[in-house]
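Colleague: Please read through the structure below; I'll follow up with questions.
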Amino acid sequence: MNRVTPIIQALLPAVVIIGAWELGAMFAFDPRFVGQPSQILSYLVAELRRGAIWADAAITFWEIMLGYVLGALSGGAVGFVLGFRPRLARIVEPYILIFSAIPKIAIAPIIIIALGIGIQSKVAIVISMVFFLMFYAVYSGVKQIEPDFIHQARIMGANRAEVIGYIVIPAIAPNIFDGLKTSIIFAVIGALIGEFIAARAGLGYYILNASGAFNINGIWVGVILIVALVFVLTTTIGIVERRVLRWLPEMGAGGNGI
Amino acid sequence: MQIVASMRPGDAAVHAPRGSIQIENVNKTYRENAASLVVALEGINLDLPANSFVSLLGPSGCGKSTLLKLIAGIEKPSSGVVRCTEVVDRVNTGVAYVPQGRGLFPWMTLLANVEFPLKIAGVAPAERRRRALEWIAKVNLSGFEQNFPRQLSGGMEKRGSLARALVTDKPILLMDEPFGPLDAHTRLSLQQQLTQLWEDVKNTVVFVTHDVIEAIALSDIIIVMSPRPGRIADVVKVALPRPRNVLSVPDCDGFVELHAHLQRLLFGEHAL
Ligand SMILES: Nc1ncnc2c1ncn2[C@@H]1O[C@H](COP(=O)(O)OP(=O)(O)OP(=O)(O)O)[C@@H](O)[C@H]1O
Ligand SMILES: [Mg+2]
């Protein structure tokens, strides 16, 4: 197989779907309701040239990144500590379960009332979503660590910091990456919920305006930028993950059939 | 720690030689849940001289792993004292321990695994690289330094953990069924290697096994244990001449009697 074939294979489904959509919009249904790829593309180019949308994208980006990083760090830290403190965990866990079960959409308006219409409230909503995902990922990772590994290191004379750095963190790294990957999509949803409810800028705000004006191309342009952002973040984490987790066995027997 | 030791009356063994292990009146009870207790070890007394190869032989569940964990200080006795030169009342950094389960750290290469205890001990990078490579060669794993454990076979991983345990030359080496899950071929070659390595190093080895012939071939002393609760059934000295190995030992004078004695202890009269 030469090097071009996989790229063609990867792009083929996209070409088929977009082509069918384009043809459908020309001959079968009304593009005013679902859009038409060629028009969406030219609108996207025009919007990017005009420039205002970059500011919206930047705001949403920062809401997501800040909320993601803060939520992941705090959720991971709490999961880490409780993983090693089973008695404390027994007390705290039910509360975390209750808070994680609260639908974030339901309390988003309260957060916005409390923190204002600006970026802070969106960051807080993102944190509220990412925190619990990372908490559970790290918490269950720590609880699953094979005690023999920690014992081994301590017998070799490792102190607490060395045990954490050389044993615990690598052992839970697969859980950390799982948590980070699932969190991305929830971080994006969190930021958009916030912007849909009340905002003066951001891609969610942009989409809301477009749909209020019945501007189908505008909606799609907002969606495309959000998908692009998710794609970049997920790919970046995937690259780091593959480097860091080289030691993991090749995953999934699925390729060989059941 | 001295204070703790000297509070015990009639205590002559405080300055026992490096590598010796004393176990006095040790009981170990595990709490399975709020309602039930498991007596894993009851009334264990042992005095293992330094530089001897000791096997723990006994059926599953008789407390062999528990005894090793007490010596390693990763479990505490419910009563009684374990002493390796000093009283073991915390994790015992004077031992190397090859646990029953997975051997090497999966996230480190073989080389990093074998270097790890030296790194923790503060050995300079060049020196620890040299010593790790030397031990990797001794267990015939040269060429696999950069492999992760998942890229090694089970026998290779066991040899790797042997190298990692021996690289620090600790006075006491604890091995929990290191050859248990291996095929006959790999097992045989590892038994040979272990005997040879031990004859160079001569540290104290406590070696857990289910295999009677393996125990006879390797050991100076065989401790036979019986289950529920875990007790010592007998302490048998093996006086057969060295060098010996699993293949040659059945031909030694005295082997047949020794083997029969151990079988009787393990399986009762009807075993023969
Ligand atoms: N952490 C634990 N909690 C509760 N019970 C335990 C624990 N560890 C061991 N036991 C119990 O103690 C007894 C002795 O266990 P141990 O692992 O020492 O046996 P063993 O002789 O090593 O067995 P095997 O040959 O199967 O490895 C068993 O009955 C076991 O169920
Ligand atoms: Mg065991």
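A short reminder: the numbers here are calculations on the coordinates, not readings from a lab. Just so you know, these numbers come straight off a predicted model, no measurement behind them. Glycine gets a Cβ as well: all are built from the backbone with ideal geometry, and neighbour counts include every protein chain shown.
Colleague: Only bridges whose two residues both fall in the protein assembly as shown count here: according to DSSP, what percent of them are antiparallel, nearest 5? Walk me through the numbers before you get to the answer.
Modeller: Values: 20 of 38 bridges.
In the protein assembly as shown, DSSP labels about 55 percent of beta bridges as antiparallel.
Colleague: OK, next. Report the label-to-label distance for B:Q192 and B:A124 in nanometres (one decimal), using points 7 Å from each Cα along the Cα→Cβ vector.
Modeller: With each label placed 7 Å out from Cα toward Cβ, I get 3.8 nm.
Colleague: Using the Karplus curve 6.51 cos²θ - 1.76 cosθ + 1.60 with θ = phi - 60°, what ³J(HN,Hα) values do you get for each residue of the range B:46-56, in whole Hz, with x for Gly and Pro?
Modeller: 8, 9, 9, x, 4, 6, 9, 9, 10, 9, 9
Colleague: Is there a pair in A:K181/B:K69; B:K69/B:K138; B:K76/B:K170 whose C-alpha atoms are over 31 Å apart, and which pairs would that be? Provide the component values of the computation, followed by the final result.
Modeller: Numbers: A:K181/B:K69 39 Å; B:K69/B:K138 27 Å; B:K76/B:K170 21 Å.
Those over the limit are A:K181/B:K69.
Colleague: Non-local amide H neighbours of B:F53 (under 5 Å, H modeled in plane, Pro and chain starts lacking H): which ones?
Modeller: B:V205, B:D220, B:I221
Colleague: Can I ask one more? Over the range B:21-98, what is the mean sequence separation of C-alpha contacts under 8 Å (at least six apart), divided by residue count, expressed as relative contact order in percent?
Modeller: 34 percent
Colleague: Follow-up. Lys/Arg Cβ at +1, Asp/Glu Cβ at -1, dipole of the protein assembly as shown taken about the Cα centre: which of B:L46, A:L203, B:G103 is farthest positive-ward?
Modeller: A:L203
Colleague: Dipole magnitude of the range A:38-246 about its Cα centre, charges +1 at Lys/Arg Cβ and -1 at Asp/Glu Cβ only, in debye to the nearest 20?
Modeller: Working: 15 positive and 10 negative charges, 51 e Å.
Around 240 debye, computed over the range A:38-246.
Colleague: Output wanted: per-residue J couplings in Hz (rounded whole) for the range A:63-80, from phi through Karplus 6.51 cos²θ - 1.76 cosθ + 1.60, θ = phi - 60°, x for Gly and Pro.
Modeller: 4, 5, 5, 4, x, 5, 5, 5, x, 5, 5, 5, x, x, 5, 5, x, 4
Colleague: While we're here: Residue by residue through the range A:90-100, what is 3J(HN,Hα) from phi via Karplus (6.51 cos²θ - 1.76 cosθ + 1.60, θ = phi - 60°)? Round to whole Hz and write x for glycine and proline.
Modeller: After applying 6.51 cos²θ - 1.76 cosθ + 1.60, I find 4, 6, 7, 4, x, 5, 5, 4, 4, 5, 6 Hz.
Colleague: Still on this structure, I have one more. With both bridge residues required to lie in chain B, what share of the DSSP beta bridges run antiparallel, to the nearest 5%? Kindly include the intermediate steps, with their values, before the conclusion.
Modeller: Values: 20 of 38 bridges.
Antiparallel bridges make up about 55 percent of those DSSP assigns within chain B.
Colleague: Any chance you could run the full-extension gain for B:L37 through B:A239? It's 0.36 nm times the residue separation minus the Cα-Cα distance, nm to one decimal. Write out the running numbers ahead of the final one.
Modeller: On the way: separation 202, 0.36 × 202 = 72.72 nm, distance 3.93 nm.
So the chain would gain 68.8 nm between B:L37 and B:A239.
Colleague: What is the P(r) of the range A:38-246, as percent of Cα-Cα pairs per 5 Å bin from 0?
Modeller: Calculated over all Cα pairs of the range A:38-246, the distribution is 1, 7, 13, 16, 15, 13, 11, 8, 6, 4, 3, 1, 1, 0 percent.
Colleague: Hey, how many Å between the Cα centroid of the range A:108-177 and the Cα centroid of the range B:105-151?
Modeller: 30 Å
Colleague: Using +1 at the C-beta of Lys and Arg and -1 at the C-beta of Asp and Glu, which of A:T182, A:V168, A:I110 has the Cα lying farthest in the positive direction of the dipole of the range A:38-246?
Modeller: The listed residue farthest towards the positive side: A:V168.
Colleague: Could you pull out every residue, at least 5 positions away or on a different chain, whose amide H is within less than 5 Å of the one on B:M225? Hs are placed 1.01 Å off N in the peptide plane, and Pro or chain starts have none.
Modeller: HN-HN under 5 Å from B:M225: B:L57, B:G58, B:A233.
Colleague: Using +1 on the beta carbon of Lys and Arg, -1 on that of Asp and Glu, and nothing else charged, what's the dipole of the protein assembly as shown about the Cα centre, debye to 20?
Modeller: Using Cβ point charges on Lys, Arg, Asp and Glu, the protein assembly as shown gives about 960 debye.
Colleague: Let me ask something else. Name the residue from A:F33, A:A58, A:W220 whose Cα lies farthest towards the positive end of the charge dipole of chain A, charges +1 on Cβ of Lys and Arg and -1 on Cβ of Asp and Glu.
Modeller: Working it through, the farthest residue towards the positive pole turns out to be A:A58.
Colleague: For B:D47 and A:R243, what is the calculated FRET efficiency with R₀ set at 56 Å and r taken between the beta-carbons, to the nearest 0.05? Can you show the working numbers first?
Modeller: Working: r = 52 Å, r/R0 = 0.93.
In this case the efficiency is close to 0.60.
Colleague: Something else now. What's the magnitude of the charge dipole for chain B around its Cα centre, counting Lys and Arg as +1 and Asp and Glu as -1 at the beta-carbon? Answer in Debye, nearest 20.
Modeller: Numbers: 29 positive and 27 negative charges, 159 e Å.
Approximately 760 debye in magnitude.
Colleague: I would also like to ask the following. Based on DSSP loop calls and a cut-off of at most 15 other Cβ atoms within 10 Å, the longest stretch of chain A free of exposed chymotrypsin sites (Phe, Trp or Tyr not before Pro) is what?
Modeller: Details: sites that count: A:F29, A:F214.
Maximal segment without exposed cleavage sites: A:30-213.
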